[in-house]
1. Can you tell me the FRET efficiency between residue B:57 and residue B:28 if r is taken as the Cβ-Cβ distance and R0 is 22 Å, rounded to the nearest 0.05?
2. Run through the other copies and list how far each one's label point is from that of residue B:646, in nm with one decimal, shortest first; the point sits 7 Å from Cα along Cα-Cβ.
3. Here are some pairs, A:456/B:16; A:592/B:456; A:268/B:224; which of them have Cα atoms lying more than 27 Å apart in this structure?
4. Sort all Cα-Cα distances of the range A:622-701 into consecutive 10 angstrom bins from zero, then give the percent of pairs in each bin up to the one containing the longest distance.
5. Starting from the Cα of residue A:164, draw a straight line to each of the lysines and keep only those under 21 Å, dropping any in the same chain fewer than 8 residues away.
6. Among the trypsin sites (Lys or Arg not before Pro) within the range A:559-611, which fall in a DSSP loop and have no more than 13 other Cβ atoms within 10 Å of their own Cβ?
7. At a Cα cut-off below 17 Å, give the lysines reachable from residue A:57, other chains included and same-chain residues fewer than 8 away excluded.
8. What FRET efficiency would be calculated for the residue pair residue B:694, residue B:598, taking the C-beta separation as r and a Förster radius of 35 Å, to the nearest 0.05?
Number of protein chains: 2
Amino acid sequence: MNWIGKSVSRLDAWEKAVGTAVFGIDVKLPGMLHGRVLRSPHPHARIRHIDVTRARKLAGVALVLTGKDLGLIHGESIKDEPFLAIDKVRYVGEPVVAVAAVDGETCEEALDLVEVEYEPLPAVFDPEAAMQPDAPLLHERLDQYEVMGIVTPVPGTNIANHFKIRWGDVARGFAEADEVFEDTYSTGMVQHAAIEPHACTAQVDPTGRITVWSHNDAPHRARKELADALGLPLSQVRFVNCYAGGNFGSKGGLKTEPTAVALALRLKGKPVKVVWSREEVFTSTIVRHPTVVTVKTGVTRDGRLVAREVRAIYDTGAYAEKGPTVCRQGGHTASGPYNIPHVKVDAYCVYTNKPIAGAFRGYGIPQVAWAYECHMDAIAERLGIDAVDLRLRNCLQEGDVTCTGQRLHSVGLKESVIRAAEAIGWQKPKVPGRGRGLACVHKNTKTPSSSGAFIKLEEDGSVSVLTSAAEVGQGARTVLAQIAAEALGVPLDRISMAMADTDFTPYDASSTSSRTTFHVGNAIALAAQDVHQQLRQIAADLLEANPEDLVAGDGRVYVKGSPERALTYSQALKKTMGAGASILGRGFYYPKDATGMDNETGYGENPSVFWMYCAHAAEVEVDRETGQVRVLKLVAAHDVGKAINPQMCEQQIEGGVLTGLGTTLYEWMILKDGKVLNPNFADYRLPTAMEQPEVIPILVETPHRDGPFGAKGVGEVTLGPTSAAIANALYDAIGVRIRDLPITPEKVLQALRGRSA
Amino acid sequence: MNWIGKSVSRLDAWEKAVGTAVFGIDVKLPGMLHGRVLRSPHPHARIRHIDVTRARKLAGVALVLTGKDLGLIHGESIKDEPFLAIDKVRYVGEPVVAVAAVDGETCEEALDLVEVEYEPLPAVFDPEAAMQPDAPLLHERLDQYEVMGIVTPVPGTNIANHFKIRWGDVARGFAEADEVFEDTYSTGMVQHAAIEPHACTAQVDPTGRITVWSHNDAPHRARKELADALGLPLSQVRFVNCYAGGNFGSKGGLKTEPTAVALALRLKGKPVKVVWSREEVFTSTIVRHPTVVTVKTGVTRDGRLVAREVRAIYDTGAYAEKGPTVCRQGGHTASGPYNIPHVKVDAYCVYTNKPIAGAFRGYGIPQVAWAYECHMDAIAERLGIDAVDLRLRNCLQEGDVTCTGQRLHSVGLKESVIRAAEAIGWQKPKVPGRGRGLACVHKNTKTPSSSGAFIKLEEDGSVSVLTSAAEVGQGARTVLAQIAAEALGVPLDRISMAMADTDFTPYDASSTSSRTTFHVGNAIALAAQDVHQQLRQIAADLLEANPEDLVAGDGRVYVKGSPERALTYSQALKKTMGAGASILGRGFYYPKDATGMDNETGYGENPSVFWMYCAHAAEVEVDRETGQVRVLKLVAAHDVGKAINPQMCEQQIEGGVLTGLGTTLYEWMILKDGKVLNPNFADYRLPTAMEQPEVIPILVETPHRDGPFGAKGVGEVTLGPTSAAIANALYDAIGVRIRDLPITPEKVLQALRGRSA
């Protein structure tokens, strides 16, 4: 192993440090126009009339568009979202009118001249209320929408998806249990808070072919969503990807793209750039789902989990976006990383007249984990069992079968729990005013999904690797280059990694779900095999051997058992083809044994090609006067399969833990009548260096038989158990249990007062 | 055949018509600086001293560089050309000092402030004089230069290459001949006259990785030349190709690139754009070689060619550039497309203190053809044999062996001659003051050389094709898309063609030598086979058949003999992999049976993987008062193998014939003491619509067994016989023979006077 397990520096470090790296907002094209939108001030209203006459006449305005002009609708899981609102608006901040002009100021002036007449409609903001039969319906025609196969909306209601697991017989389980406990936990609405706002630039050529420059986490998926919306073949749409200044789930799907493309389509030839303001990012892209999760668990007196029933409600806002699959992935894991013979899960994705909720690092898992891991501590306490011990007695291990029927491989959960507990000093004596807590989770990955790779090996041994992995700051380019260097046997500095561009780079499902290292890594390994096979073929003549008797690796092709009969790659190429020699390889990874899940029972023997496991342990200090919780130390032990680049795994963990800290203690979008009151970094509080605890990342390696060099993933699960670990530590410190995120000082004080009352 | 032999419109027609297509000069990057150079006023001089102090102090100037600062040298065939002159200058117009500044005007101002002290050296302008032992040497250290394997310079002289053919025994041949004739013909210096001047933009990232945006006809070769000059691995250099507004050989190699890259290297992060003025294009890029060619032929009385000796001198100017291979390719064909048992060729590429000569459409062939085809008419006249008849008695046919030992396949020469003669009305009665002439040639293609292709087949049947073929206006994108559509069995409008970019698109030797349709087309066909093989594999399970029993084509995979057991490509993909299905294919074409040529004898059994043949026939009218020659009609019959897109073949022919017309009658760079006196379109006369004759293209199809669908090439040979056809017609009209191109009215009048005197 020359390049695996090595903490090499990021390949894009320099260009990002000096500012030459091109991010989505950096794109500039000659003759570029700018686009902006007018947004709905109502959470739910019929559009009576739109008058754009004056706006169209303003000097510098190239185009003014309304939803009726367009009639276009997009959506990944449910095709429900208009490019611009058509008949009615469904949330405060929904785009209603778009304008293209010579600059942003002219756009704003034009939008000020637009008059929209609304007829307000009853709105619904609470997801449980939205599930009632008499609730105002957001989407009257839900039954007529195009829906992704794995999503099951309930027409005539606001339920965009209902995901189920039926495993064993929970009624019997509860009957057999010694004790049954039930708790409800909820989470507020939070923001990704990526530094770079959403931006894209679109240009349409005279034949109608569309090019989009963006920073999408899934350029091929975005291309498909756009092509589907416009009724175009994929060949008519090109996504060119730039660097993303932060993603965390926010930059998938179509965000600025519909506006830019709609304007560009009618302004053929002219590029149109759209950048959302920070306020628009908050109100009108996506947020993390607020949730209400009820967990009911039957246990034996000695702490064996017998049955668990979970009801999870994901408040998905006005449009489905990725909500249905967030709910599905969350539901899939909602019973926790434990062996439980009887499991019942009902996860609902519910429309409300609020900002759209979608993918957010963790993809629905942090919310259910918040519930089941606080609940777990509560069970431990009520049974009088040590909380770590309770987890160790029940946690999933190699060869165990999940509640969907999957036999597990590569399960580093137990080790993660033990090492996190050790590192936090679980057994050490208690310090007054301080507490320790631990929580653990597992996370699935999007399955099945595919990734492709092309490799060019040039005559001097230089290599170009083409994949559509998006570099969103997670380090994909570097880790994939390490895999390519190892798989091909060439030095890392001879490898150039192409940026994703759907005209050039092979299909990739997405840079989400912590799937990139595993899936794209596998595609690269397959492409490298293809290159090696051809190298052996051309070297066979030169070395007077059969291709099967040759080995390719470490920059050389040689005869098995006679390593002195060897050629470097460059020699093999040049001797066969002279100048201009090259070998092309291709690899396409699609997990053949992957399965879906049955819509009625969740049954599926391989609905996640790998699972990530982790345990976080927190030490907190609480100020009883102010209710302020200070996290002193956060230990995060993660089973990553095999760390290709340990330092970058640690950086992922450190970043994720801080988001976990923020969403646990500080972050919270405050809404009134569907309107966000704190849509900016002044009023929406992010943790700063002041709140930064000591973070101790621990890498647990349980190599996966199907992963490239054993690797799995890490990014998404890194904030999974953080909230529960902190809440459990808080309880340990002062004996109060907060059941609603974030844990604000007010809630702590109120709980303290409640307890003393 | 759905897409082969169809005159579909150019894929890039619309974007070029409305101006959205990006050409090399269109590239604009944020923060871009501009680069210019100071050029030598001397044809040969030692640089005593350069003072850039004042230039460096000028506001707006970012960098001033001299050759000594750099010490960099590049060169494709001979590494002899400094980025900026180092110790001495070798031609008027050679770059001496480069400057980067905020705009072009500031660059000019800065260059005005530079003081260079020269010591003039004796210069040599005539190539035959330059070959003399006492001639001033341009390159004293020719023996120490890096030289391409197939090039044989003669150190201690100005000979940059000496190419030889020794076939049979010419002495014996001449002895056995009934008659021996010898003539000498020469050609002047001409310009490509592409509309778009040379331009490139370079940016160097903080790690030293170079990106060049250019319009190069061979981005991979240019990358290699630049990497070699800088001592970098190929992975450190990226060439992004734009459209070229005309090429004709002018945009290969490094032209603006060394200046832009040299400046960008020291201004890390900042893009530097360099555009040459029209005058600089004329004086300081490349020109077509002036030549002096002597042909001596032994014939039998009945018109059988027995022996031919050719001495061809290519005046290559101050640096080798592609001169040595131009001389080689010209020399290879210099005995003409005839069966001659004894052949001796000596072709010399000679340095002189003049603008650099390099690739020009035809690559050395038009100059030797000018000689041997005028000579052929002279022989016919002196033997009293009809000129067409003489050619038909001797011309190469299927199965014949060339003077290098190559057995020929796909030889449409005879048919071309016959059809051209018919179309010009060869047998029709003569009209006074008018004449008819015919000439025919053959042309080789660069061999061996390789091309690669990647193909992505997407889930809806859309296709991306990645090759590095450069679109220089010849229609490569369209023809290659037709080949891809046919080979894959998908509609043409589902195919997107990537522009060349060395980070993404596979290796391709060059879009020169009329090799693209054949070589890149073959690579695409191989990649399509790879896609089909995988399609059969995945469809086998679904159709319950063996992959070997399945056929892929026309958008479907079906069971041999049971075409109703079928799946569309899209069905096969989606049923196997669901959403996000994709197939990746790769093809790399390298002609395995290709050979080089022996440096001493030219012997090589397959030094050209295909040969192009054509015959042009001209009808001219001559004004005896003014000496003006007017071409009334030009017939051009071309053996293209198989016309993938007949209309584009005809357009190639029409364009080439007009260049042929221009270089025959009008175009001529006039030099005095090495200085070009007419470096612009006002003083350098190009043919206009006024001079446009009726052009009749005729496509002859002799499918080549190794070509994609039988195709060969066409572009380069299209002006091969034009000059001789016109000169032969002129002789037919008024009985004067002009032996030096161009045929100006002055030369015609002088010849008429000489004859009457």
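Throughout, read-outs are computed from the coordinates displayed, never taken from laboratory work. From a predicted model like this one, the values you see are computed outputs, not experimental measurements. Positions of Cβ are backbone-derived with ideal geometry, glycine not excepted, and every protein chain shown enters the neighbour counts.
1. 0.20
2. So the label point of residue B:646 gives 7.0 nm to the other copies.
3. Values: A:456/B:16 31 Å; A:592/B:456 20 Å; A:268/B:224 38 Å.
The answer is A:456/B:16; A:268/B:224.
4. 16, 36, 28, 16, 4
5. Hits, sequence-local ones excluded: A:296, A:322, A:344, A:443, A:446.
6. Values: sites: A:560, A:565, A:574, A:575, A:586, A:592; in loops: A:560, A:592.
Those that pass, being in a loop and sparsely packed, are A:560, A:592.
7. none
8. The calculated FRET efficiency here is 0.20.
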